[in-house]
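Undergrad: The structure follows.
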Amino acid sequence: MNIDRSLLSRLLKAAFSFGFIQVAALNAQTLDEARNLVSEWVDVEKTISEERADWEAGRVIIKDMIALLETEKESLTEKIKMAEEGLSESDKKRKGLIEESDEYKAAVEVLGSKIESVEGRVLALHKQFPIPLQEEVSMLFARIPREGEDFRLSVSQRLQSVIAILSQADKFNSGVQLVSDIQKLDSGQSEVDILYFGLAGAFFMNREGTYVGIGVPSDEGWVWEETPESGKEISSLFAVYAGEVQAEFVTLPVKIK
């Protein structure tokens with residue numbers, strides 16, 4: 001079979017050209033895919049890099065937070081320890097205060113059972129007080145409940161009144177007091193000066209020195225008695241007290257009950 005060489009040559013060229021075109025097309029498709037793959041790979045690497053950077057930043061923040069929480073934990077632990085120690089000390093103080101309160105209540109109960117008796121004795125002393133002292137402590141005496149009266153004051157308030165009265169009485173008893181008063185006796189009455197020697201006794205004299213005598217306390221009040229025979233001595237006593245004459249020993253009438 002004879003084939004025309006020119007025809008064969010044309011066929012071979014056509015086949016070659018067609019194959020080249022296919023190879024070129026195939027190469028072009030592969031290149032696009034490669035480019036796409038590279039692009040995707042770059043995106044993935046970029047994403048990984050960004051994720052890694054975010055993770056590193058987050059890890060630093062978490063690390064700092066852990067360190068801060070550890071510090072806060074130590075601080076709270078120390079505060080809890082101090083609070084527990086403080087509570088322990090407070091419990092001790094509270095226990096001590098409760099014990100003191102119980103002792104105080106027990107003392108008040110004992111005092112409450114005795115205060116009425118003490119008040120009665122103080123009231124009995126009232127008549128034995130000189131008039132100036134009675135006037136000085138009159139308001140305190142008014143605070144003492146009488147028999148049958150309701151107790152409007154607490155035990156401690158009643159005790160304060162009793163102590164205040166006795167303190168004033170002790171103060172009066174520790175010195176010499178000069179007062180003026182109207183003296184009433186069998187021979188009449190006259191304005192006199194009275195020299196109290198504490199709660200033990202007193203001497204009185206009018207301005208003219210013609211009316212003199214002594215006074216002593218009793219359960220029913222002070223008892224006054226004229227002693228004209230002691231006029232000179234009592235007049236000397238008042239003169240010495242007033243600083244009108246030089247101090248000297250003076251013999252005076254005394255009554256002891």
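The values are calculated or read from the model by the stated rules, or taken from the named source; none is laboratory data. Just so we're clear, the structure is a prediction, and the values are computed from it rather than from any experiment. Here the Cβ is made from the backbone with ideal geometry for all residues, glycine too, and neighbour counts use every protein chain on show. Ligands, DNA and RNA are stripped out before the accessible areas are found, and what is left, the full protein with its side chains, is counted by its heavy atoms. Shrake-Rupley method; radii C 1.70, N 1.55, O 1.52, S 1.80 Å.
Undergrad: Determine the sum of side-chain charges near residue 162: Lys and Arg each +1, Asp and Glu each -1, restricted to other residues whose C-beta is under 10 angstrom from that of residue 162. Kindly include the intermediate steps, with their values, before the conclusion.
TA: On the way: positive: 121, 143, 158; negative: 119.
Here the charged neighbours net out to +2.
Undergrad: Give me the net charge of residue 206's neighbourhood, meaning all other residues with Cβ under 12 Å from the Cβ of residue 206; Lys, Arg count +1, Asp, Glu -1. List each step's numbers first, then the result.
TA: Details: positive: 207; negative: 181, 191, 193, 208, 226.
With Lys, Arg at +1 and Asp, Glu at -1, the neighbours total -4.
Undergrad: Can you compute 3J(HN,Hα) from phi for each residue in the range 191-207, using the Karplus curve 6.51 cos²θ - 1.76 cosθ + 1.60 with θ = phi - 60°, rounded to whole Hz and x for Gly and Pro?
TA: With coefficients 6.51, -1.76 and 1.60, one gets 6, 10, 9, 10, 10, 8, 9, x, 9, 7, x, 8, 10, 10, 7, 7, 5 Hz.
Undergrad: Right, next: Return the carbon/sulfur percentage of the accessible area of the range 163-250, one whole number, probe 1.4 Å, all protein chains in place. Each step should come with its number before you reach the end.
TA: Numbers: 2510 of 5090 Å².
Within the range 163-250, the accessible surface is 49 percent carbon and sulfur.
Undergrad: Here's a follow-up. Based on the mean of other beta carbon atoms within 10 Å per residue, what is the order of 71-80, 188-197, 167-176, most packed first?
TA: Details: 71-80: 10.1, 188-197: 16.2, 167-176: 13.3.
Descending packing order for the listed peptides: 188-197, 167-176, 71-80.
Undergrad: List the residues whose amide H sits under 5 Å from the amide H of residue 213, counting only those 5 or more places along or on another chain, with H placed 1.01 Å from N in the peptide plane.
TA: Placed amide hydrogens put 204, 227 under 5 Å from residue 213.
Undergrad: Normalising by the residue count of the range 164-222, find the relative contact order in percent from Cα pairs under 8 Å and 6+ residues apart. Working shown, then result.
TA: Working: 87 pairs, mean separation 13.6, N = 59.
It rounds to 23 percent for the range 164-222.
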